[in-house]
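*Asks:* Got a structure here, written out as C-alpha cells. Questions coming.
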Amino acid sequence: MTTTSNTTNRRLRGQLARGFTLMEMILVLAIISVLVGLGVFAMTNVLGDAEAGKALADIRTMETNLIRFKTMAGRYPTQSEGFESFFNKPSGSPPVRMWRKIMDEKGIYDPWNEKYQYRYPGKRNASGYDIFSKGPDKQEGTDDDIGNW
C-alpha cells in the first residue's frame, strides 16, 4: 500500500508543480500592464500628427485647385474672393474668363473646423500666395501654424 500511495503522491505533486503560483500570475500581469502603458503613451500624439498631416495634404490640394482656377479664370482669386471662388462664381474685378465649381464648401475647413486662410499676395510667399491653417490653437502667427511655406 505504501508503494501505491507514494506513487499517487508523486503524481499529484507533479501535477501541482505544473500550475502557476499566485506570484507568477501577478508578475505576468504587471509586465503586461507596463507594456500596455508604454503602448498608450507612445500613441498619445498620433491623432495630433494625423490632423497636421491632413492639413498639409489639404493645403497641397488647395494649391492644385488654385492652379486649376487660374487656368480657367485667367487669374488667381483675390484675397477677398478667397477659396469661396472654388464653389461660388466670383464677381470681382477683373471678371473671370471661365468658371466651373472646383470643390465643395466643406473642403475649405481644416481638421480643427476653421477655414483655411488665403493671402494673395502672400506675406511669406511675396511673389505668390499663402495658404495656411492656424493649427490646433486657432491663433495665427504661432508655432503650430501649417502652411505652404
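*Asks:* Within segment 100-109, can one find any residue that is touching a Pro at 6+ places or on another chain (Cβ under 9 Å) and on the phi < 0 side of the Ramachandran plot?
*Replies:* no
*Asks:* Just to be sure I understand, how many residues within segment 123-137 are within 14 Å of Pro77 (Cα to Cα), part of a loop (DSSP other than H, G, I, E, B) and in contact (Cβ under 8 Å) with a residue 12 or more places away in the chain?
*Replies:* Residues in segment 123-137 being within 14 Å of Pro77 (Cα to Cα), part of a loop (DSSP other than H, G, I, E, B) and in contact (Cβ under 8 Å) with a residue 12 or more places away in the chain: 1 in total.
*Asks:* Out of (1) among the charged types (D, E, K, R); (2) touching a Phe, Trp or Tyr at 6+ places or on another chain (Cβ under 6 Å); (3) within 15 Å of Ser133 (Cβ to Cβ), the odd one out for Glu51 is which?
*Replies:* All conditions pass for Glu51, except number (2).
*Asks:* Out of curiosity, is Gly53 within 21 Å of the chain's Cα centre (by Cα), of a type in the set (Gly, Ala, Ser) and over 22 Å from Ser127 (Cβ atoms)?
*Replies:* Spelling it out, Gly53 is indeed within 21 Å of the chain's Cα centre (by Cα), of a type in the set (Gly, Ala, Ser) and over 22 Å from Ser127 (Cβ atoms).
*Asks:* Shifting gears a bit: Please go through segment 125-146 and pick out each residue that is in contact with a strand residue (DSSP E or B) (Cβ under 8 Å, 6 or more places away or on another chain) and either of a type in the set (S, T, N, Q) or farther than 14 Å from Tyr109 by Cβ (or both).
*Replies:* Correct list: Tyr129, Asp130, Ser133, Glu140, Asp145.
*Asks:* Counting only residues that are in contact with a Gly (Cβ under 9 Å, 6 or more places away or on another chain), under 19 Å from Glu63 (Cβ atoms) and surrounded by fewer than 15 Cβ atoms within 10 Å (Cβ to Cβ), which one in segment 115-149 is modelled with the lowest pLDDT?
*Replies:* Trp149
*Asks:* When Pro94 is evaluated against the numbered criteria (1) surrounded by 11 or more Cβ atoms within 10 Å (Cβ to Cβ); (2) in a loop (DSSP other than H, G, I, E, B), which criterion, by number, is the only one it fails?
*Replies:* (1)
*Asks:* Can you name the residue in segment 40-89 that is among the charged types (D, E, K, R) and touching a helix residue (DSSP H, G or I) at 6+ places or on another chain (Cβ under 8 Å) and, of all such residues, is surrounded by the most Cβ atoms within 10 Å (Cβ to Cβ)?
*Replies:* Restricting to residues being among the charged types (D, E, K, R) and touching a helix residue (DSSP H, G or I) at 6+ places or on another chain (Cβ under 8 Å), the top hit is Asp58.
*Asks:* Working only within segment 126-139, note down all residues that are under 16 Å from Phe83 (Cβ atoms) and more than 15 Å from the chain's Cα centre (by Cα). Before the answer, list the steps.
*Replies:* Applying the first criterion (under 16 Å from Phe83 (Cβ atoms)) to segment 126-139 yields 128-134.
The answer is Gly128, Tyr129, Asp130, Ile131, Phe132.
The values are calculated or read from the model by the stated rules, or taken from the named source; none is laboratory data. These figures come from a predicted structure and were not determined experimentally. Using ideal geometry, Cβ is built from the backbone for each residue, glycine included, and neighbour counts are taken over all protein chains shown.
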